Structure formats: structure tokens, C-alpha cells
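Read through the structure below, which is laid out as C-alpha cells, and then see the notes.
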Amino acid sequence: MADTNVIKLPVTEERGPATKRARPPQFDPEEEEQNRQKNVKRVAALGEKDGSVKLLEELVFGAEAELLHRLVEERTDTLLVEDEDEESGESEDESEARLQLQPARKAAWVDEDDELEEEVDMKHRYRRHLVRGEAESTMTKQKLQQRMREQFQKSMGGAPSWAESGAKKKKKKKDENEEEEEDDLLRRTGNFVAFSDTLPSGIVRMKKCLHANSARPSEDRLTTVQFHPSAQVVMTAGLDQSVSLFQVDGKTNPKIQSIHLERFPVHKAQFSRDGETVIATSLKNKMFYLYDMMEGRVTPVHSVRGLNEARVKEFSVCPEGGALLLTGTNGYLHLLTLKTKEVVRSMKINGDVCGVAFSHDSGKVFINSEEGEVYVWDMRSSRCVNRFADDGCVKGTSIAASRNGQYLACGSQSGVVNIYSQEACLNSANPKPLKAVMNLLTSATSLTFNPTSEILAIASRAEDEAVRLVHLPSLSVFSNFPVSKRKFVYRASCLDFSPHSGFFSLANNKGHAPLFRLLHYKDF
């Protein structure tokens, strides 16, 4: 019986007769050194094919000194490369050139349809704005993509920051750092380099920008230009039967919206006090339009209850909002509410009305008559509280009041613009002008104060370049506007400043709205 506790060994091949075991060879240092050198040579041969295998086998077979020496050299080389990168002082052009030499990245995925040379119909209404000529009735997909990219960059004022190359981002960061250093310098130097808060006289610092309506010039004379009361938007309107809105950036001024009013040449268009509605009147129509910008709806107002006028042409938006002051014939003024579209009150002066201006608190309204008299009406009681003759005026043409309640300007057919104190006009029966501006030789048809009440813009639509800017604190005219020997203003029919006086624009008879950046003012 076999013993179950015996562990059987694996079967091995049969061996020959046992021989006497040989003694292990004695350790020979010279022979060991020779074997070691052979192993090092074999490892070197293997290292030519695979560096990691070479390092591993050198570590296994020995050559520790050689391995440590190599690691020290690699560490030193790495440190030198990092130091060179930090202290190289490579120029921005060289950096950009080096980035351009780098291989372009491959796309994450490729659409096979993009490679097809398919022609796209450019006559479609969604693509007409991309066409630059009649010959471009069709366009390849690649060219259309490039055209759309160019238009996007133009509307953005250049390539967006996320699309800039590494060198441009580096340069932009450097410029920002320089600006921060300049700000630190200004803080340290204090009042020696501080800017003045008051507008200096003599020369007005300004920059001519692209026309405000360059994205859609008018085909006829412009009659209106006005900045939005709260948004960075400007509106233009004219005899081409259109009202257009543009975003103001001073570079591209892209168009936001344009509406066409059939058989309705626009004589005047104004924003409502809240900036949500545009009111537009024409030359010979009793009807006027209301354009709701929030809903994009144009509503014609065919009749107004209680209004006995043949046409609605001139009007002013009341500062309190929700009402219009319509200029009628034979000296009548009608107060109309936009909510009910009816006249709630009427006023009358002697002679025809040639201009209306509200006081800063909207409680009074100044009315200039063609007979050269100025009437002051109380809006709440509908009573005339004062009346005086404009000094030296034979026929009045325009009137404007400053927002700070300090000045009142009256224009005449002779071109003289008298500047009064509002307080004197409210309390005196014979106020004397603070200044008579005589720089215009033809009828002063447009007067506008800037929001800070530091500039009065005056213009005449009867002559080219007949525009002047008056510095009110000193009551002097700026000598550098308009630029001599260079026509760009032409005959101006409307003037306006942006809400914080950063921009100034006007409407001329060429269908353009020249735009100027007033550099003294930092905000729009």
C-alpha cells in the first residue's frame, strides 16, 4: 500500500551515472573586471536602439558611476534650458515668427461635405448683405465662410481675444502691464499730471470718427440725428423715408435696425423719454408714426382727438414723458398724450412758433416766435408767466435751454445767437444777453446744449460748414471747429450730443451723419 503522506516530485529526465561534484571556481578579480567591461559594451550597443533599456541594463549590470554621471549632466542641461527661456529676452516679432513656424494643429474632426466645391446662391435675402458686386451671384462655401469671418471681425472691431495668437496675447498683456505702470506713476506724481475736470476754452480736443450712419447712408437729405438717452445707440432719419438705428463705437458703427415708411419722408424723429419708442412726423401729413423698439411694431396714428390742424410737423417730447407738445399754425401749441392720442391742452402766442425749449425742471416752456419775442409758459397752469423781446432780433428761428438751468440761447434769421441767463428770462421783462455770438452769417436754424452745459452747438442749414461750438464758461467760440479748407460738415440741419458728451454728431444734406469723439469727456 502506497504511503499517502509522501509528496511526489515531478518526473525528470533520466540522468546518467552520478559524477563527483566539481568545486566552485575561485573568485578572480581580473576575470571579473573583464566580464564587467564586456557587459558594459553590450549595454552600450543595446542603448543605441532603446535609451530606457540601456539605462535599465546599466543599472542591473553595474556601471553605476557612468549612470550617475549621465543623470547629473541631464539635470544640468535641463536647468540651463529653463534659464535660457526665462532670460532669453526674445523680441515679440521673433516670438510670433517662431509660433508661425510651428506645425499647424489638425482639426478635431473633418466634414467631408466641406471639401465639396459646391456653389452657394448669394441672391437669397439672408446672404445679400455679404455680396460686394453683381458678379458675386454665386460663391463657393470656402469663400462664403471667409466672407462671414471678415464681417464678424469687422462688427467686433477686430479679431476677438479668444482667437488671437499667442504672440498677440503676450503683446496685449505687456501693454496692459505698461498701462498699470503708468497708472502707478500718476498716483505717485499726484496733481502734477492730473487732468482738469473743467473744459478748457480756445481749442476743443476732438477726433473725427467714421460717420454714424456709414453702415447705411441715407439716399436723401438727413433731417434728424439723435443719441439714445440711455443706450450707446444713435438714430438717423431723413427724406429717404427711413429711420435707422446704429450702435456707436467710433470704429465701425454697425447698423442695428432700419425701418422704411412708405410715402413718408421723415421731417423729424425723436426718442420718447424712456427711449423705448420713436415718434416720426412728415412734411405734409397729419398722420405720424410710433415705432415701438421693444416689440418691433410700427403704429400709424391717423387722427388725434381735439386736434384741428392740417398737418403735424414740428413737435417736442415733454421731459416728464408720455406727452408731446405739437407746434400748430397761427401760434398754437397743443399738448398731446401718447396713451390716449388726444389733445388735453392748447396754448397760443402772437405770431408763428419757431422754437420750443423746456426748462431744466420741466415746469416751464420757452417759446420763440417769428416776430422776435420769447414767451415763458407755466406747464401746470397753462399761463404765460413772462414775455420779452429777444435783443436785436427781427425774426426768430430757434431756441434752446441748458440742462443745468443756467443758459437760454435764441437764434435769429440774421445768424446772431443771443445767450441769456435763464433766471433773468424768468424774472425780468427786459433781460440783457450775456453774449451775442455773431459767427454765423446765415439764419441760425439749430441750437443744442451738451448735457454738462459747457458747450453750445449752433448751425445754419443755409450754408456749408456753418457750424460752431461755443465754450459757455468763457462765452467764446472754439477756434478749431470746423477744420478750415476741408469740407466734411456741409449743410447741417440737426445737432446732438451723446448722454455724457463723449460724442457729437450732426445731420447734413449729403445723407451722412459725421461723428466726432470729444476727448475731454471719458464716458459715452
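Has segment 463-483 got at least one residue that is basic (Lys, Arg) and within 29 Å of residue 242 (Cβ to Cβ)?
Looking through segment 463-483, none of the residues is basic (Lys, Arg) and within 29 Å of residue 242 (Cβ to Cβ).
Would you pick out the residues in segment 249-265 that are touching a residue at least 40 places away in the same chain (Cβ under 8 Å), part of a loop (DSSP other than H, G, I, E, B) and out of contact with any Gly (no Cβ under 8 Å at 6 or more places or on another chain)?
Passing the criteria: 250, 253, 254.
Filter segment 127-147 down to residues that are closer than 20 Å to residue 214 by Cα and open to solvent by 100 Å² or more (accessible area, probe 1.4 Å) and give me whichever is modelled with the highest pLDDT.
That would be 132.
In contact with a Gly (Cβ under 8 Å, 6 or more places away or on another chain) and open to solvent by 30 Å² or more (accessible area, probe 1.4 Å): does that describe residue 394?
yes
Where in segment 285-403 are there strands (runs of 3 or more DSSP E), lying fully within it, with 3 or more residues that are farther than 30 Å from residue 434 by Cβ?
288-292, 297-301, 323-327, 332-337, 342-348
Can you pull out every residue in segment 308-327 that is touching a His at 6+ places or on another chain (Cβ under 6 Å) and free of Cβ contacts under 8 Å to residues at least 40 places away in the same chain?
326
Looking only at segment 266-293, which residues are touching a residue at least 40 places away in the same chain (Cβ under 8 Å) and in contact with a His (Cβ under 9 Å, 6 or more places away or on another chain)?
Scanning segment 266-293 gives 271, 275, 280.
Is it true that residue 473 is farther than 13 Å from residue 398 by Cβ, assigned to a loop (DSSP other than H, G, I, E, B) and in contact with a helix residue (DSSP H, G or I) (Cβ under 6 Å, 6 or more places away or on another chain)?
So residue 473 fails the test.
Within segment 364-388, which residues are among the small types (Gly, Ala, Ser), exposed (fewer than 14 other Cβ atoms within 10 Å of the Cβ) and either closer than 25 Å to residue 274 by Cβ or touching a strand residue (DSSP E or B) at 6+ places or on another chain (Cβ under 7 Å) (or both)?
Selection gives 382 alone.
Of the numbered conditions (1) open to solvent by less than 10 Å² (accessible area, probe 1.4 Å); (2) small (Gly, Ala, Ser); (3) part of a loop (DSSP other than H, G, I, E, B); (4) under 21 Å from residue 453 (Cβ atoms), residue 411 fails exactly one; give the number of that condition.
Tallying (1) open to solvent by less than 10 Å² (accessible area, probe 1.4 Å); (2) small (Gly, Ala, Ser); (3) part of a loop (DSSP other than H, G, I, E, B); (4) under 21 Å from residue 453 (Cβ atoms), residue 411 fails exactly one: (3).
Tell me whether segment 443-451 contains one or more residues that are assigned to a loop (DSSP other than H, G, I, E, B), closer than 18 Å to residue 358 by Cα, open to solvent by 10 Å² or more (accessible area, probe 1.4 Å) and not β-branched (Val, Ile, Thr).
Yes, some residue in segment 443-451 is assigned to a loop (DSSP other than H, G, I, E, B), closer than 18 Å to residue 358 by Cα, open to solvent by 10 Å² or more (accessible area, probe 1.4 Å) and not β-branched (Val, Ile, Thr).
Look at segment 463-504 and say how many of its residues are open to solvent by 30 Å² or more (accessible area, probe 1.4 Å), of a type in the set (Phe, Trp, Tyr) and in contact with a Ser or Thr (Cβ under 9 Å, 6 or more places away or on another chain).
0
Condition check ((1) more than 24 Å from residue 449 (Cβ to Cβ); (2) in contact with a Lys or Arg (Cβ under 7 Å, 6 or more places away or on another chain); (3) open to solvent by 10 Å² or more (accessible area, probe 1.4 Å); (4) not aromatic (Phe, Trp, Tyr)) across all residues:
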{"site": "242", "(1), (2), (3), (4)": "yes, no, no, yes"}
{"site": "265", "(1), (2), (3), (4)": "yes, no, yes, yes"}
{"site": "273", "(1), (2), (3), (4)": "no, no, yes, yes"}
{"site": "310", "(1), (2), (3), (4)": "yes, yes, yes, yes"}
{"site": "314", "(1), (2), (3), (4)": "no, yes, yes, yes"}
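The values are calculated or read from the model by the stated rules, or taken from the named source; none is laboratory data. Bear in mind the structure is a predicted one, so any value in this text is a computation, not a measurement. Cβ atoms come from the backbone with ideal geometry, glycine included; neighbour counts cover every protein chain shown. Surface areas here come from the heavy atoms of the whole protein model, side chains and all, with no ligands, DNA or RNA. Shrake-Rupley method; radii C 1.70, N 1.55, O 1.52, S 1.80 Å.
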